[in-house]
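Read through the structure below, which is laid out as structure tokens, and then see the notes.
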Amino acid sequence: MSTEGGTKALIAALSANLAIAVAKFTAFGFTGSSSMLAEGVHSVADSGNQVLLLIGGKRARRAADEEHPFGYGRERYVYGFLVAIVLFSVGGLFAVYEGWHKISHPEALDAWGWAVGVLVFAIGMEGWSFLTAVRESEKAKGKQSWTQFIRTAKAPELPVVLLEDTGALIGLVLALFGVGLTVITGDGVWDGIGTLCIGLLLVVIAVVLALETKSLLLGESADKDSVRRIREALVDGEAVTRVIHMRTLHLGPEELLVAAKIAVNAEDSAARVAEAIDAAESRVRAVVPIARAIYLEPDVYSAEKAAAGDDPAATPGGPGPGGAH
């Protein structure tokens, strides 16, 4: 669902940004507004970002090979990080420079009606893209707040589009502010101030995206609910009596690695233990389908070792599965 929803939101955002970029650069040609130029570059950067995410999604679907035995799922995170860099450099820093230049050398606007018309058109298109991203995100968000969703989402596409569209809508309002005050006062400094604010906004959004995608690149565990369901599925109370410790790691947005040491009965035969491991893997995949790589190590649980702290993950209150407890 996250892949399909993310692709739909990306295509909607790309279509909107391409149309808006053409309109903004046309308005800049008529008005000379630095806010319009900054917004035009912003739309081009956003369009490039969406193309990068689409490429990343396609490349991530390649099958695992000898050199990359766990597949290419993390390539989506790499392209998500590239998006943050592009947004920071091409969008944010350019707008900051252009705003500062306009403040230092203010100029009056010509044909300001073009700027206002294009900005209103752009707000409508960005609003459509934003609502598409919101609708697709709600399918994956569940009961989380929007902030929690952006911070915990394992697929980068929807959070990126949501943040980009939010920044674009706020930026368009700032551009209207700059153009409007320039027309009213006749002072081009206001256009520069609007442009500078747009640049600072884009820099902040780029930093947030970079921090979130960096965390995904380093490797994040499964969410707490998935960890709980995996632990419950591993234990059947007979052949598998408890989970001694467990680690989870996202190999990609929709592929999870599970590694666990499970307690089995000391008197069970090797064949019985092998059957128990196979059954445990099947139960885990039934409750968390994205758990595709599962490695289980059977062991005999020792309360003495746990009490002595030899295996802190096995003690109550010790470090839990995948860093979740």
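The values are calculated or read from the model by the stated rules, or taken from the named source; none is laboratory data. The structure displayed is predicted, hence computed values, not measured ones. Every residue, glycine among them, receives a Cβ derived from its backbone with ideal geometry; neighbour counts consider all protein chains shown.
Things to note:
- Checking the stated criteria, Glu39 turns out to be crowded, with 19+ Cβ neighbours inside 10 Å and of a type in the set (Asp, Glu).
- Checked against (1) exposed (fewer than 14 other Cβ atoms within 10 Å of the Cβ); (2) in contact with a helix residue (DSSP H, G or I) (Cβ under 9 Å, 6 or more places away or on another chain); (3) of a type in the set (D, E, K, R); (4) not assigned by TED's automatic domain parsing to the domain that holds Lys154, Glu267 passes all but a single condition, namely (2).
- If you go through the range 137-151 and keep only what is assigned to a helix (DSSP H, G or I) and either of a type outside the set (Val, Ile, Thr) or under 8 Å from the mean Cα position of the chain (by Cα) (or both), you end up with Ser137, Glu138, Lys139, Ala140, Lys141, Trp146, Gln148, Phe149, Ile150, Arg151.
- Scope the range 89-113; condition more than 19 Å from Ala168 (Cβ to Cβ), of a type outside the set (A, V, I, L, M) and either part of a helix (DSSP H, G or I) or free of Cβ contacts under 8 Å to residues at least 60 places away in the same chain (or both); matching residues: Tyr97, Trp100, His101, Lys102, Ser104, His105, Trp112, Gly113
- Some residue of the range 86-102 being at pLDDT 80 or above, hydroxyl-bearing (Ser, Thr, Tyr) and under 27 Å from Leu37 (Cα atoms): yes
- Consider the range 229-240 and keep the residues that are buried (at least 16 other Cβ atoms within 10 Å of the Cβ) and of a type outside the set (Gly, Ala, Ser). The one that is nearest to Ala276 (Cα to Cα) is Val240.
- Criterion violated by Leu163 - all others in (1) surrounded by 21 or more Cβ atoms within 10 Å (Cβ to Cβ); (2) touching a residue at least 60 places away in the same chain (Cβ under 8 Å) satisfied: (2)
- For Met125, the conditions (1) over 19 Å from Ala45 (Cβ atoms); (2) buried (at least 20 other Cβ atoms within 10 Å of the Cβ) all hold with the exception of (1).
- Residue in the range 166-182 that is more than 28 Å from Thr7 (Cα to Cα) and outside any helix (DSSP H, G or I) present: no
- Number of the condition not met by Ala155 [criteria: (1) in contact with a Pro (Cβ under 6 Å, 6 or more places away or on another chain); (2) small (Gly, Ala, Ser); (3) more than 30 Å from Lys58 (Cβ to Cβ)]: (3)
- Residue count for the range 202-225 under the criterion of being assigned to a helix (DSSP H, G or I), crowded, with 21+ Cβ neighbours inside 10 Å and among the small types (Gly, Ala, Ser): the result is 1.
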